[in-house]
Amino acid sequence: MTQFTEEVLVIIKRIPYGRVMSYGQVARFAGNNRGARQVARILHSMTEKYELPWHRIINSKGRISITDARYAAIQRELLISEGVEVSEEGYVDISIYGI
DNA sequence: CTAATGACGCAGA
DNA sequence: ATCTGCGCCATTA
């Protein structure tokens, strides 16, 4: 467990309800402006062990970036259940729901 | 040790 | 909007 990982977990826990952040944004907040990929991998492996709002993390284009269609669908539903508008293609208006 | 991989990001075309 | 190439870096083979 690196310090970066802990920082990332804390940052994600602080994302307010109904808002979203990008991987790169989280990485920068955690002190590593180039750690987007690491953030992605952390979420990929830690989502079931920690109670994290992992669904509030999308890519910088404001789009759901999960390759696994099943999980992508789940994330979309979770966001919608929080009042976030998500298109069929998985797009979110970051100018509204972004940080 | 090298090489491939990927829930990413950004600049170009 | 879509696609490509490059950079990045921990993890895995």
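Computed from the coordinates by the stated procedures, all read-outs in this text should not be read as laboratory data. Predicted model, so just to flag it, every value in this text is computed and none were measured. Quick reminder, even Gly has a Cβ in these numbers, built from the backbone with ideal geometry, and neighbours come from all protein chains shown.
Summary table below
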item	result
Charge context of A:Arg56, other residues only, Cβ under 15 angstrom, K/R +1, D/E -1	0
Relative contact order (%) - criterion: Cα under 8 Å, at least six apart; region: chain A	29 percent
Neighbourhood charge, 9 Å Cβ-Cβ cut-off, centred on A:Gly18 and excluding it, Lys, Arg +1 and Asp, Glu -1	+1
Ranked A:Lys61, A:Lys49, criterion: other C-beta atoms within 10 Å, fewest first	A:Lys49, A:Lys61
Using alpha-carbon coordinates, inclination of helix A:36-46 to the longest axis of chain A, degrees	80 degrees
Label-point separation, A:Glu89 to A:Tyr50 (7 Å along Cα→Cβ), nm	3.2 nm
Leading residue at positive end of dipole, chain A (Cβ point charges), from A:Trp54, A:Met21, A:Gln38	A:Gln38
